[in-house]
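Some notes on the structure that comes next.
No lab work stands behind these numbers, since they all come straight from the coordinates. What you see is a predicted model; the values in this text were computed from it and never measured. Every residue, glycine among them, receives a Cβ derived from its backbone with ideal geometry; neighbour counts consider all protein chains shown.
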Amino acid sequence: MDNSPSHASGRLASLISAEVRATMARTRVSGAELARLIGVSQNYLSKRLRDEAPLTLNDTELICDALGDSFEALVARALHTDSPTA
């Protein structure tokens with residue numbers, strides 16, 4: 001059995017990245033533009049938006065600031081989409 005940590009995103013990280021993608025679409029911000037705004041490479045951001053690696057809390061905070069969103073609102077929307085009544 002392999003006990004090494006997985007680099008893929010877990011359920012919560014996937015919900016957050018999905019909400020980031022939805023917010024990017026609503027605000028018409030491209031991945032390249034968002035990467036530039038938060039000071040990371042486009043490749044770094046793309047891997048996280050494809051759930052190949054999890055977003056960090058720091059990433060999420062920077063993304064929220066860049067998109068003019070609050071961290072709390074983004075997380076609430078992400079969790080709401082995962083609820084059975086959503």
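Here are a few things to note about the model shown:
- Residue count, the stretch 72-83 (criterion: crowded, with 17+ Cβ neighbours inside 10 Å and either outside any helix (DSSP H, G or I) or in contact with a His (Cβ under 9 Å, 6 or more places away or on another chain) (or both)): 0
To keep it simple, each residue is scored yes or no on (1) small (Gly, Ala, Ser); (2) loosely packed, with under 14 Cβ neighbours inside 10 Å.
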residue	(1), (2)
ARG11	no, yes
SER17	yes, no
ARG26	no, yes
GLN42	no, no
GLU52	no, yes
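- Contact map, the stretch 55-71: first residue assigned to a loop (DSSP other than H, G, I, E, B), second residue buried (at least 18 other Cβ atoms within 10 Å of the Cβ), Cβ cut-off under 7 Å, separation 6 or more or different chains; pairs are LEU55/ALA13; LEU55/ILE16; LEU55/SER17; LEU55/ARG48; ASP69/THR23; SER70/CYS64.
- Any hit, the stretch 4-17, residues being under 18 Å from THR81 (Cα atoms) and of a type in the set (D, E, K, R): yes
- A residue that is touching a Lys or Arg at 6+ places or on another chain (Cβ under 8 Å) and assigned to a helix (DSSP H, G or I) occurs nowhere in the stretch 25-38.
- Subset of the stretch 39-52 [outside any loop (DSSP other than H, G, I, E, B) and within 9 Å of the chain's Cα centre (by Cα)]: LEU45, ARG48, LEU49
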